[in-house]
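Structure first, commentary second.
The values are calculated or read from the model by the stated rules, or taken from the named source; none is laboratory data. Treat the numbers as computed from the prediction; the structure is a model and nothing was measured. Here Cβ is always computed from backbone atoms with ideal geometry, including for glycine, and neighbour counts include all displayed protein chains. Surface accessibility is based on the protein's heavy atoms, side chains included, excluding ligands, DNA and RNA. Shrake-Rupley method; radii C 1.70, N 1.55, O 1.52, S 1.80 Å.
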There are 2 protein chains.
Amino acid sequence: MLPTHVTLVDVGPRDGLQNEAAPVSAVTKTELVHRLQAAGLRQIEATSFVSPKWVPQMADATEVMAGIQRQPGVRYSVLTPNMKGFEGALAAGADEVVVFAAASEAFSQRNINCSITESIARFQPVVAAAHAHGMRVRAAVSCALGCPYQGEVPVDDVDDVVDRLLGIGCDHIGIADTIGVGTAGQVQRVMERALQRVPVAELSGHFHDTYGQALTNIHACLQLGVHTFDTSVAGLGGCPYAKGATGNVATEDVVYLLHGLGIATGIDLDALVDTADFISRALDRKPVSRVANALLATRPPAG
Amino acid sequence: MLPTHVTLVDVGPRDGLQNEAAPVSAVTKTELVHRLQAAGLRQIEATSFVSPKWVPQMADATEVMAGIQRQPGVRYSVLTPNMKGFEGALAAGADEVVVFAAASEAFSQRNINCSITESIARFQPVVAAAHAHGMRVRAAVSCALGCPYQGEVPVDDVDDVVDRLLGIGCDHIGIADTIGVGTAGQVQRVMERALQRVPVAELSGHFHDTYGQALTNIHACLQLGVHTFDTSVAGLGGCPYAKGATGNVATEDVVYLLHGLGIATGIDLDALVDTADFISRALDRKPVSRVANALLATRPPAG
């Protein structure tokens, strides 16, 4: 039995835009969030409070958060890798903070310059502080389906990181295929193991479309009852570990699949495609979404 | 249980190239077939014997077929809409002929200027002649998941066309989502009904990636035991009914999925990606395949 309702977390404003080389204004980012919530998204990863030295595109996190006209019922989350980031998130009034630990030691060392153990130790005070302030903590396990440096990642290693993230009190676990290499059977094996540890309502999948597998992987997760997924409007987000490849699965493509399966999302696909068109024009390119491009091609030309 | 082996029919040389506006030389087409068979494809839709008035790109069908150095074990099929086409296919030594009937009356009228009944009547002598010469007949039901003119297509209408194609003696039935609008649940409903009529070994799926659903639809078919699919190297093939949209599902993307699921195809993915690169360069564009682009991006630049 497939779920009757699926929650999509649009990570476009954060995970999507963070790797953009050209600056995107805080006004555009705020407008993107407004359009996403108007289209029916109820969870939006709005920005990240990280060092502008590492992620210059997110240097305006405070400004973006201040510019958002909050809509009741929408959860705004922000990435916070450490206590400094958490202080910014707290001041900005985020509902939820997001932390990332890798399932691959090689990736952890090369991506965030510390071991998996060190990264989780760094998150521990963040989780405690978030809970003390009534904020939720969403933890993601990156490279859960493969690593650009070590290749295969044993399921046991994913389980171990999940256990440790739950151990420090994280409320939600996301299984992330950071480089988009996973296929449906492998995804089901990892998710089945995670479901032995995490209630289905607090487990999500995060898939990249680098090898075109993201929708199929989501469908494979739905067959296990998993009903929360990260997606990115217009397919925003590159994949820095696979040059020239596409990034996050496009929210539009997932909504099309879900609605076709008779699964409710609360999202208006037309309004979402408008949003994809808006941000893609701002970035001077076409959406990386088959659904957005197919539907936009049927519209009369502007002007 | 998923199948242990899947057969892919590469339709790139025919369905893929037929809508190309710029001429593609017979030498390039022949070389494409050679590379596909070298990569492990065992069924190739090589060309079509149709009026050059309607499909100028296929005017060199005889030349292409004559240029192919046949490889034992490879089945070469050609599209033949009528007896005139069949005569060409026979003279060229095709192993199999392909006919198409629509499940949508509106599409049949607008695409081939006759009713479904008339089109099937036209195929009847083709089937008889093919069998008299020991050739197989593969029949495809187009618009089985939706029609650009009438919208939804009832499953009963698909069943009816399948029954009529079987009735005139067609050996194989392909269920084609010509405009790529179908999603996994709908595909399974149509395929389950077809499986009541057609042995699984003689049933195939033909999916377009216009809305990004093709791989998920193939995975949904695999779950029913269906183990033959049409695919197109480099994702060759536009979708003339959805401007700006992508066409046939790319063979590379399907092979990546299948191998990831532990399903044998007999195809060498690297050689296939080389083939995608070859034909895409000949057409002066990038492959419409996420796998090809991801893998090509990891290679050192040429020259």
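What the table below lists for this structure:
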quantity: Residues located in the stretch A:99-111, provided they are without any contact (Cβ under 8 Å) to a residue 40 or more places away in the chain and open to solvent by 60 Å² or more (accessible area, probe 1.4 Å); calculated: A:109, A:110, A:111
quantity: Where residue A:287 falls short, out of the listed (1) open to solvent by 30 Å² or more (accessible area, probe 1.4 Å); (2) within 27 Å of residue A:29 (Cα to Cα); calculated: (1)
quantity: Test: residue in the stretch B:92-101 that is out of contact with any strand residue (DSSP E or B) (no Cβ under 9 Å at 6 or more places or on another chain) and farther than 21 Å from residue B:203 by Cβ; calculated: no
quantity: Test: residue in the stretch A:133-141 that is farther than 19 Å from residue A:163 by Cβ and among the aliphatic types (A, V, I, L, M); calculated: yes
quantity: Those residues of the stretch A:41-58 which are of a type outside the set (Phe, Trp, Tyr) and surrounded by fewer than 17 Cβ atoms within 10 Å (Cβ to Cβ), in sequence order; calculated: A:51, A:52, A:53, A:56
quantity: Test: residue in the stretch B:95-114 that is farther than 16 Å from residue B:161 by Cα and of a type in the set (Asp, Glu); calculated: yes
quantity: Residues of the stretch A:40-70 classified as more than 17 Å from the chain's Cα centre (by Cα) and of a type outside the set (Phe, Trp, Tyr), total; calculated: 15
quantity: Some residue of the stretch B:170-177 being modelled with pLDDT of 95 or more and within 14 Å of chain A (Cβ to nearest Cβ); calculated: yes
quantity: Among (1) of a type in the set (Val, Ile, Thr); (2) in contact with a Cys (Cβ under 8 Å, 6 or more places away or on another chain); (3) away from every other protein chain (no Cβ under 14 Å), the one test that residue B:158 misses; calculated: (2)
quantity: Wholly enclosed strands (runs of 3 or more DSSP E) of the stretch B:1-120 bearing at least 3 residues within 26 Å of residue B:157 (Cβ to Cβ) and at pLDDT 95 or above; calculated: B:96-102
quantity: From the options A:196, A:186, residue that is more than 21 Å from residue B:209 (Cα to Cα), in contact with a Gly (Cβ under 7 Å, 6 or more places away or on another chain), of a type in the set (S, T, N, Q) and at pLDDT 95 or above; calculated: A:186
quantity: Positions within the stretch B:172-211 being assigned to a loop (DSSP other than H, G, I, E, B), in contact with a strand residue (DSSP E or B) (Cβ under 6 Å, 6 or more places away or on another chain) and in contact (Cβ under 8 Å) with a residue 60 or more places away in the chain, in sequence order; calculated: B:178, B:180
quantity: Test result for residue A:115, buried (at least 24 other Cβ atoms within 10 Å of the Cβ) and polar (S, T, N, Q); calculated: no
quantity: Complete set of residues in the stretch B:213-243 that are in a loop (DSSP other than H, G, I, E, B), at pLDDT 95 or above and within 13 Å of chain A (Cβ to nearest Cβ); calculated: B:213, B:223
quantity: Output for the stretch A:244-303, where each listed residue is of a type in the set (A, V, I, L, M, F, W, C), free of Cβ contacts under 8 Å to residues at least 24 places away in the same chain and within 9 Å of chain B (Cβ to nearest Cβ); calculated: A:294, A:296, A:297
quantity: The listed residue being farther than 30 Å from residue B:253 by Cβ and either at pLDDT 95 or above or open to solvent by less than 10 Å² (accessible area, probe 1.4 Å) (or both), out of A:155, A:141, A:162, A:126; calculated: A:126
quantity: Filtered residue count, the stretch A:244-258, keeping only those that are hydroxyl-bearing (Ser, Thr, Tyr) and modelled with pLDDT under 95; calculated: 1
quantity: Residue match in the stretch B:4-27 (condition: loosely packed, with under 15 Cβ neighbours inside 10 Å and within 14 Å of chain A (Cβ to nearest Cβ)); calculated: yes
